[in-house]
Amino acid sequence: MNQPVRIGVLDSGVCGTHPHVGKIVDGITISADGVAAGYEDNLGHGTAVAAIIHHLNPDADLVAVKIFDGKLATSLRAVIRAIDWCLDHDIQVINLSLGTLNPQYRSAFEDAVERTHAAGAVIVSALEMTGDPALPGSLPGVIGVMEGEEYQVCDRYGKPVYTAPPYPRDIPGVPRERNLKGVSFAVARISAKVAETWSDESAQECWSSIRNPKNSSTGLF
């Protein structure tokens, strides 16, 4: 029997008692200073991200990795430490909605992507910010995601790129325009689909193509 795929949700934490998030199997708070127990969400963003992932893939095990606290901003050191924590805790899909335009961070992210591949895992991240290529989402070997009204795959920056709707799980009785919206939820939707197909042989060609841009297979959808 296959073990559930583990998805690390690198965000503002998760409200573990929220009925939409399902079972959170593990969690941690990570900052530039170190790690701490607990992952309570004070912003709501991570809970909404976890909710759409669980809604689309209820069989996946979600792990809350809190890197935001008080505002949706963090440090390079915290992000890299969070990625490495995921690799040390058998997480296959690292959901990283954020991005940066700072070119000085490229080398650190490239090294983190190499470690991710060596561990047999993958990072799913926002491809762009304000129309410019973001790190780490635009790097070779990372599953880059853009907003789109439909699930599609295209080629951008010399690699396969995925689009998904930028909406969280709908709230009954609340118009969609009053809810949250953004590429974070497109990333979460693709993370759910990646985990859903993780064990499929046909999908393995897709992961191979992402790790090796010379392979043009794009078989996720």
Exercise. For region 25-34, enumerate the residues that are at pLDDT below 95 and either assigned to a loop (DSSP other than H, G, I, E, B) or crowded, with 20+ Cβ neighbours inside 10 Å (or both).
Key: 32, 33
Exercise. Sort out which residues of region 156-181 are closer than 16 Å to residue 134 by Cβ and out of contact with any helix residue (DSSP H, G or I) (no Cβ under 9 Å at 6 or more places or on another chain), and write them in order of number.
Key: 156, 157, 158, 161
Quiz item: Only one residue in 37, 51 is in contact with a Lys or Arg (Cβ under 7 Å, 6 or more places away or on another chain) and either open to solvent by 70 Å² or more (accessible area, probe 1.4 Å) or within 18 Å of residue 170 (Cβ to Cβ) (or both), so which one is that?
Solution: 51
Self-check item: Candidate set from region 129-146 (those that are more than 14 Å from the chain's Cα centre (by Cα) and not in a loop (DSSP other than H, G, I, E, B)); member that is nearest to residue 97 (Cα to Cα)
Solution: 129
Quiz item: In region 63-78, how many residues are surrounded by fewer than 23 Cβ atoms within 10 Å (Cβ to Cβ) and touching a helix residue (DSSP H, G or I) at 6+ places or on another chain (Cβ under 8 Å)?
Solution: 3
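Per-residue answers, yes or no, for (1) free of Cβ contacts under 8 Å to residues at least 40 places away in the same chain; (2) not aromatic (Phe, Trp, Tyr):
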{"position": "89", "(1), (2)": "no, yes"}
{"position": "101", "(1), (2)": "yes, yes"}
{"position": "109", "(1), (2)": "yes, no"}
{"position": "113", "(1), (2)": "yes, yes"}
{"position": "118", "(1), (2)": "yes, yes"}
{"position": "132", "(1), (2)": "yes, yes"}
{"position": "138", "(1), (2)": "yes, yes"}
{"position": "146", "(1), (2)": "no, yes"}
Practice problem: Restricting attention to region 164-179, report how many residues are closer than 21 Å to residue 60 by Cβ and of a type outside the set (Gly, Ala, Ser). | Solution: 6
Practice problem: Output yes when any residue across region 179-194 is surrounded by fewer than 20 Cβ atoms within 10 Å (Cβ to Cβ) and not in a loop (DSSP other than H, G, I, E, B), and no when none is. | Solution: no
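The values are calculated or read from the model by the stated rules, or taken from the named source; none is laboratory data. Owing to the predicted nature of the structure, the values given are computational and were not obtained by experimental measurement. We place every Cβ from the backbone using ideal geometry, glycine too, and count neighbours over all the protein chains shown. Calculation scope for accessible area: heavy atoms of the full protein, side chains included, ligands and nucleic acids excluded. Shrake-Rupley method; radii C 1.70, N 1.55, O 1.52, S 1.80 Å.
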